[in-house]
Structures are given as C-alpha cells and as structure tokens.
Amino acid sequence: LGGSVAVIGAGAAGLVTAQSLRAQGLDVKVFEASDRVGGLWNYGLGNGIYRSLVTNLPKEIMQYDPRWPFPAECSSFLQHQEVLRYLEVFVQDNGLADVIALSSPVRSVRLRDNDCWEVQVGPESSTPQLFAAVVVCNGHFNEPFSPAMPGLHEFPGQVVHSAAYDSPEAYTAKTVLVVGAKSSGTDLARELSSVASRVIVSDKSCQQPAEVARISHRGVIERMEGSTAVFSDGWRETGVEVVIFCTGYRYRFPFLAPGLVDVPDGRCVLPLFEHMFHARHPTLAFVGIPSSVVPFPLFAAQARWLASVFSGSSELPSTSEMQAWVERKLATVQDPKQLHLMSGAQWEYLRGIAAYTSEELRVPETFLRVSEAIYDDVGAARPRFPGAADDYRRREYSVDWDTGVWSVAEVEDMADIELGLVDCQPPYPVQTLSNLIQFRPVPPGRANAHMHMF
C-alpha cells in the first residue's frame, strides 16, 4: 500500500489535508459525497449557509496561513461566495483536482487484520479500496441538533433548525421564537426582526431579560403549551408561530465500522489523541474536530502534523501514552460536549501540536499572536444583545505579517462597499479570485484608527 491515504471530504479541512499529504510525498485520494468541492460553503445544500451569510471572523485570520491569503480587494468580513471561491482557487493552485473523486460517498471504513484500511465508496456492490491510512474530514455540521422541549409535539406552528434557514421572507409578520443565541441565533434574530412581527430569543446565558425594538431577549425556555412559550422565570410568550432551533450540530460518522470510535450522544469523539489521532489505531485521524475555533488555520496546522506523521518525519507517542492523554483530558470536563471546545485555548493548542513537527512545518509565532489579538478584538466588538446591529462587520483589518503590525479601521457607511458577484449558481469557473469577483475599493473610513504591534 505504500503511502496511500484516503481523505474523506473535500471541504476546507479535506483540501488542506490533501495538499499537506502530497507535499510530504504521499499518495492521496479524496472522496467527496457531493458533486463539488467546498463542503459546507456550498450554498443551497441545506448545511447552514443561508443567502445573506457573512463571516463572523475577518479574512485576515480566516486564511489557512499567510501563504494563501484572501484577495486584498475583499472586505475583511466575507460573503459565503468569496470563501467558496477561495477554496476553489486553492484546489487549482495546488493541483488537487486530479486526486479528488466527486460524487463519491464513502459507505464504510473498516480496519483489516493486516492493519490496512478497507474503504468502500459508492454502491454496496463496489469493490473496496485499500489504504495505509484514513483521514476523516467530513466536518461536524451534518447532523443538526435540536434539544428536547416538553410540549413541542403539540405546538401547532412550524419547527425548523437553522440548518434549513435561507432568508427571512417566509417569516414575514410572524412571531418567531429563536432558541439559542450564539452566532447563528444572533444573526438570524437580527435578520428576522426586519420582517417578523416579533422575535423572541431564548438564551441560556441571559441574566437580565430585555426588549429592544421587535426583539425580546429571554432566558431558558421550559416548555411549550400550545402556541405559548413558558420560560423558567415564569414569563409566558403567547402567539408563537415559528420555532427555530439555533442549537448547533452533533458529530456523526455513519461510515465508520461499529465500535471503531465512541461518539456519546454526538457530543464528542473518542478516543482521539490531541483531538486528531485514534489512540489505538493512529493511522486513522480526524481533522477539524475542535469547536469554537478559527477553523482554516487550525485545519492547516493539524494537516501539516498528520502529514509529517504519516510520512515518517514525525513520531507519535505510544498507544498507551495516547490513551492516557485521552483519559486525562476527559477527566477535566464535566460535560462531554466540552471536550473539543477550545475558544481562547486554541492558540496554545496550535503551539502544542506544532511542537510535534519540524521547525519548517510550524505555524509562525507572529501569525498566532496577531490572529489571537484580532480574534479577541472581534469578540469584544460583537453585540451583546442578540439581534443587535452587527457593526463589528464594518471593521476592516490590515496586517503586515513580516512585522506583526496590524491595524483596524471602521467603515462609516456599509453602503459604500459595493460587491458585484458573478452568477452564484454552480458550477463556477475556476480561474483566479480577481477574475471571479469584481470589487470596488473599500472607502478608508477611520483608517488606522487603531494600530497594534508585536
């Protein structure tokens, strides 16, 4: 089998994994279930990408690393079409098209007695293919999660998950209950409030209920009584017509052989050393398991490490040591869903996994420090009230990666940014980003209002 590696998924994680493996001289085959690359960034697949979606992180830290920047002409906060085109161009620039098999769903992955992996693709009658290693990059936005809610089965209105949301027009003049107040809940509440008669946001972290315009910010919802939402503080919201769950997703790997991994209630994946390598069978690896992270740079760092391991230039600890790491990690969390949750801990995680690789494969420290500073700056600028104006997306960042100097400006009028996108229906022509997207320059606003140096 030599250095043959199967990569499952041709989204952002799978593409940079394929690039990293090939850079280490490994034979790679990428299997993608859909008929296009880009994973969840393909609009219209019912995967949570809605019509008006704009990223909640700026391009300056969303790029894989400074070698592969988004075009300078792009605003810092990107429309979903721009992210998809970034990935399409990444495929072209790295010559990945010839290793990607589209419309090739993986049916099963099994470990054979000789420690190679049997991967069945397509119909059940197809001949299994054998690989020395498998990397799972199918993401964790495939299985929408909606928590149990007493009385919901008798609710006479519409119940949907944010994964199925596309645009606000269908909710015109309706009373909408949004359950969850993280990124999707906050953004959908804002968009819905422009057409709905009333939007109620159920937020488990809400300490002080408040009303702003058409949006009501409430605490935990206890139950539904017909079309009335009853909250834990006794508040009753009558006349609810739509419930939208913005409550995230669960991990799911239906193609892995039973018993290969443990995914308790879809909340975490066990046993993974450093959230990546199967502790007992380390030729099975996962890229993109951690949550609450800046995804693309994390994917790239994980991909470089596993490529160095599979090529033999880096070594993993023993299986007993890796299993002990998993057990220690589990002991630090009270809820399994917290196991892969990183947020502010992601930067030390990236430094930690970089230590396993050679110097030339490590994430530059300047990139980590600047990314962390911008990540924190964006977080501080986000609205605290669900559905409030997203003025933070007016911010335009600029970074000199050689010096570590970064600045942020605020665009006074978002209407001054005119973005003319080509036809957004697939398939897309793959040339260069500047050919695919036409921009007008972003006005300076309060340019250089804030400057920072490391």
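The values are calculated or read from the model by the stated rules, or taken from the named source; none is laboratory data. Computed from a predicted structure; not experimentally measured. No Cβ is skipped: glycine too gets one built from the backbone with ideal geometry, and neighbour counts run over all protein chains shown. For the accessible areas, the whole protein counts, side chains as well, though only heavy atoms, and no ligand, DNA or RNA atoms are used. Shrake-Rupley method; radii C 1.70, N 1.55, O 1.52, S 1.80 Å.
Return yes when Ala170 is assigned to a helix (DSSP H, G or I) and open to solvent by 60 Å² or more (accessible area, probe 1.4 Å) and no when it is not.
yes
Pull up region 1-56, narrow it to residues that are open to solvent by 30 Å² or more (accessible area, probe 1.4 Å) and among the acidic types (Asp, Glu), then point me to the one that is nearest to the chain's Cα centre (by Cα).
Checking each candidate, the answer is Asp35.
Gly44: modelled with pLDDT under 95 and in contact with a strand residue (DSSP E or B) (Cβ under 7 Å, 6 or more places away or on another chain), yes or no?
When the stated conditions are applied, Gly44 does not pass them.
When region 369-404 is examined, which residues are found to be assigned to a helix (DSSP H, G or I), among the charged types (D, E, K, R) and open to solvent by 30 Å² or more (accessible area, probe 1.4 Å)?
Of everything in region 369-404, those that are assigned to a helix (DSSP H, G or I), among the charged types (D, E, K, R) and open to solvent by 30 Å² or more (accessible area, probe 1.4 Å) turn out to be Arg369, Glu372, Asp376, Asp377, Asp391, Arg394.
If we keep just the residues of region 78-128 that are among the small types (Gly, Ala, Ser) and in contact with a Phe, Trp or Tyr (Cβ under 8 Å, 6 or more places away or on another chain), which is farthest from Arg36 (Cα to Cα)?
Per the criteria, the residue is Ser108.
Out of everything in region 113-150 that is of a type in the set (Gly, Ala, Ser), in contact with a strand residue (DSSP E or B) (Cβ under 8 Å, 6 or more places away or on another chain) and surrounded by 14 or more Cβ atoms within 10 Å (Cβ to Cβ), what residue ends up being farthest from Thr17 (Cα to Cα)?
Ser146
Pull up region 337-394, narrow it to residues that are touching a Pro at 6+ places or on another chain (Cβ under 8 Å) and acidic (Asp, Glu), then point me to the one that is modelled with the highest pLDDT.
Once the filter is applied, the top-ranked residue is Asp391.
Keeping to region 151-165, report how many residues are open to solvent by less than 60 Å² (accessible area, probe 1.4 Å) and more than 22 Å from Val230 (Cβ to Cβ).
3
Give the residue that is farthest from the chain's Cα centre (by Cα), with candidates limited to residues of region 203-239 that are loosely packed, with under 13 Cβ neighbours inside 10 Å and among the hydroxyl-bearing types (Ser, Thr, Tyr).
Of everything passing the filter in region 203-239, Thr238 is farthest from the chain's Cα centre (by Cα).
Among the residues of region 287-322, write down those that are open to solvent by 40 Å² or more (accessible area, probe 1.4 Å) and out of contact with any strand residue (DSSP E or B) (no Cβ under 8 Å at 6 or more places or on another chain).
Ser311, Gly312, Ser313, Glu315, Ser318, Thr319, Ser320, Glu321
Cβ contacts < 7 Å: first residue closer than 9 Å to Pro144 by Cα, restricted to region 239-262; second residue acidic (Asp, Glu), any location; separation 6+ or different chain. Result?
Tyr249/Glu143; Arg250/Glu143
The conditions are (1) touching an Asp or Glu at 6+ places or on another chain (Cβ under 6 Å); (2) part of a strand (DSSP E or B), and Ala285 fails exactly one of them. Which is it?
Exception for Ala285: condition (1).
State all residues of region 135-163 that are part of a strand (DSSP E or B) and of a type outside the set (D, E, K, R); if no residue qualifies, say none.
Val135, Val136, Pro144, Gln158, Val159, Val160, His161
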